[in-house]
Amino acid sequence: QVQLVESGGGLVQPGGSLRLSCAASGSIFSIYGVAWYRQAPGKQRELVASITSGAYTNYADSVKGRFTISRDNAKNTVYLQMNSLKPEDTAVYYCSPLGTSSWGPGTQVTVSS
């Protein structure tokens, strides 16, 4: 079972930026695509962005143009750059290799003035 650790969350004002990181215990990211998900209180977990092993990216409509997913296979790390943050982006953010049931503990993002 791969170990995943998300980091980089925090409290930010509307319009601000954060960069989330997802580190894996092995070189799984060089093999699998990876996705970022988020879950807000009282809501279902939703897909935010994904990146394939070939670096093809896909985004939820709600974050297109504001979020950017990237990967560094040498560091076994995937990133989510989040700009122009909105209060509705508040959630716990998780990463997961596509097609697996591996999850990290998540990192809290709170967008509030």
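The values are calculated or read from the model by the stated rules, or taken from the named source; none is laboratory data. Since the model is a prediction, treat every value here as computed from it, not as a measurement. Cβ atoms come from the backbone with ideal geometry, glycine included; neighbour counts cover every protein chain shown. SASA here: full protein model, heavy atoms, side chains in, ligands and nucleic acids out. Shrake-Rupley method; radii C 1.70, N 1.55, O 1.52, S 1.80 Å.
Couple of notes before you dig in:
- A Cβ-based charge dipole, computed about the Cα centre of the chain with Lys and Arg at +1 and Asp and Glu at -1, lands at about 60 debye.
- As a length-normalised measure over Cα pairs under 8 Å and 6 or more apart, the relative contact order of the chain settles at 38 percent.
- Mean separation of Cα pairs under 8 Å and 6 or more residues apart, divided by the residue count, gives region 27-87 a relative contact order of 28 percent.
- Note that region 40-100 shows a convex hull volume over its alpha carbon atoms of 100 Å³ per residue.
- Of the trypsin sites (Lys or Arg not before Pro) found in region 1-89, those that fall in a DSSP loop while having at most 12 other beta-carbon atoms within 10 Å are K43, K64.
- Charge context of K86, other residues only, Cβ under 14 angstrom, K/R +1, D/E -1: 0
- Heavy-atom accessible surface of the chain: percent carbon and sulfur, 1.4 Å: 47 percent
- Pair-distance profile P(r), taking every C-alpha pair of the chain, with 5 angstrom steps and integer %: 2, 13, 25, 26, 19, 10, 4, 0, 0
- Electrostatic tally near Q39: other residues with Cβ closer than 9 Å to its Cβ, Lys and Arg +1, Asp and Glu -1, net +2.
- Annotation: V92 carries an accessible surface of approximately 30 Å², with a 1.4 Å probe and no ligand, DNA or RNA atoms counted.
- Contour minus Cα-Cα distance for T52 and L11 (0.36 nm per residue): 11.8 nm
- Computed with a 1.4 Å probe over protein heavy atoms only, the accessible surface of the chain comes to 51 Å² per residue.
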